[in-house]
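The values are calculated or read from the model by the stated rules, or taken from the named source; none is laboratory data. What you see is a predicted model; the values in this text were computed from it and never measured. Glycine gets a Cβ as well: all are built from the backbone with ideal geometry, and neighbour counts include every protein chain shown. In case anyone asks, the SASA skips ligands and DNA or RNA and just uses the protein heavy atoms, side chains included. Shrake-Rupley method; radii C 1.70, N 1.55, O 1.52, S 1.80 Å.
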Amino acid sequence: FKAPDTKKYPCIPLAFEAGRQGGTMTCALNAANEMANELFRNGEFDFFGIPKVIEQTMVAHQGDFKLDPSLDDIVATDAWAREQVKREAERLAAEEEARRVAEEQEQIRREAEERARREAEERAEREAQERRAEREAAAKAAEAEAAKAKAEAEAAKAKAKAEAAAVWAAAMAR
């Protein structure tokens with residue numbers, strides 16, 4: 001036989017440990033396993049919660065562990081372990097719910113940041129387009145102003161030529 005795959009079957013090391021300790025620990029393990037599987041089948045936590053609640057129950061049982069138990073000790077340990085698993089399952093469910101809520105809040109935060117980033121990029125692009133439009137309008141206004149100045153200069157030049165021609169013609173007529 002090969003050694004058992006304890007990663008794939010995490011309850012095996014728990015069973016070995018309970019067997020090594022003996023006494024009421026084997027009863028605690030058995031009751032915890034039965035209750036954990038029942039709660040799992042009822043959908044109260046996921047499959048991977050089974051070894052967690054069993055292990056936590058075994059840890060909690062260390063304080064009440066008896067090496068040479070009576071039948072009453074075994075019955076009491078069985079009842080206690082089943083209740084302990086329920087408490088651990090509730091704790092795990094609360095932790096899972098808190099984790100889920102935290103993940104949802106983190107997702108909402110990331111989405112809000114992404115939305116804000118996109119809005120900032122869009123705003124920056126709009127502002128850049130407005131600045132480009134303003135520069136283009138200013139350039140067109142400058143071109144128009146230059147064309148007007150050129151036309152005025154040509155008109156002044158033509159006027160000066162006409163005046164010079166008139167002065168020349170007057171001087172020639174005398």
Open item on the list: Tell me which helices (runs of 4 or more DSSP H) are completely within the range 8-69 and hold 1 or more residues being modelled with pLDDT under 95, or say none if there are none.
Closed with: 24-41, 49-61
- [ ] Please give the number of the condition residue 143 fails out of (1) open to solvent by 100 Å² or more (accessible area, probe 1.4 Å); (2) under 48 Å from the mean Cα position of the chain (by Cα).
- [x] (2)
TODO: Determine the pairs where a residue that is at pLDDT 95 or above, located within the range 117-130, has a partner that is in a helix (DSSP H, G or I) and open to solvent by 100 Å² or more (accessible area, probe 1.4 Å) with Cβ atoms under 9 Å apart, the partner being 6 or more residues away or on another chain.
DONE: none
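Anything in the range 69-89 that is under 19 Å from residue 50 (Cα atoms), open to solvent by less than 60 Å² (accessible area, probe 1.4 Å) and of a type in the set (Asp, Glu)? List them, or say none.
Filtering the range 69-89 down to residues under 19 Å from residue 50 (Cα atoms) leaves 77-89.
Right, trim to open to solvent by less than 60 Å² (accessible area, probe 1.4 Å) and you get 77-79, 81-82, 84-85, 88-89.
Result: 78, 88.
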Task: Boolean, residue 92 is of a type in the set (A, V, I, L, M, F, W, C), in contact (Cβ under 8 Å) with a residue 24 or more places away in the chain, open to solvent by less than 60 Å² (accessible area, probe 1.4 Å) and closer than 25 Å to residue 36 by Cβ - done: yes
Task: Test result for residue 55, in contact (Cβ under 8 Å) with a residue 24 or more places away in the chain and open to solvent by 40 Å² or more (accessible area, probe 1.4 Å) - done: yes
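Let me confirm something: among 155, 149, 60, which residue is of a type outside the set (Val, Ile, Thr), in contact with an Asp or Glu (Cβ under 9 Å, 6 or more places away or on another chain) and surrounded by 10 or more Cβ atoms within 10 Å (Cβ to Cβ)?
Values: 155 fails: in contact with an Asp or Glu (Cβ under 9 Å, 6 or more places away or on another chain); 149 fails: in contact with an Asp or Glu (Cβ under 9 Å, 6 or more places away or on another chain).
After applying the criteria, what remains is 60.
Does residue 66 satisfy being out of contact with any Leu (no Cβ under 6 Å at 6 or more places or on another chain) and open to solvent by 100 Å² or more (accessible area, probe 1.4 Å)?
On the way: out of contact with any Leu (no Cβ under 6 Å at 6 or more places or on another chain): yes; open to solvent by 100 Å² or more (accessible area, probe 1.4 Å): no.
For residue 66, the condition - out of contact with any Leu (no Cβ under 6 Å at 6 or more places or on another chain) and open to solvent by 100 Å² or more (accessible area, probe 1.4 Å) - is not met.
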- [ ] Output the number of the condition that residue 36 fails; it satisfies all remaining conditions of (1) touching a Pro at 6+ places or on another chain (Cβ under 9 Å); (2) among the small types (Gly, Ala, Ser); (3) more than 18 Å from residue 12 (Cβ to Cβ).
- [x] (3)
TODO: Return a yes/no flag: does the range 104-119 have any residue that is surrounded by 14 or more Cβ atoms within 10 Å (Cβ to Cβ), of a type outside the set (D, E, K, R) and at negative phi.
DONE: no
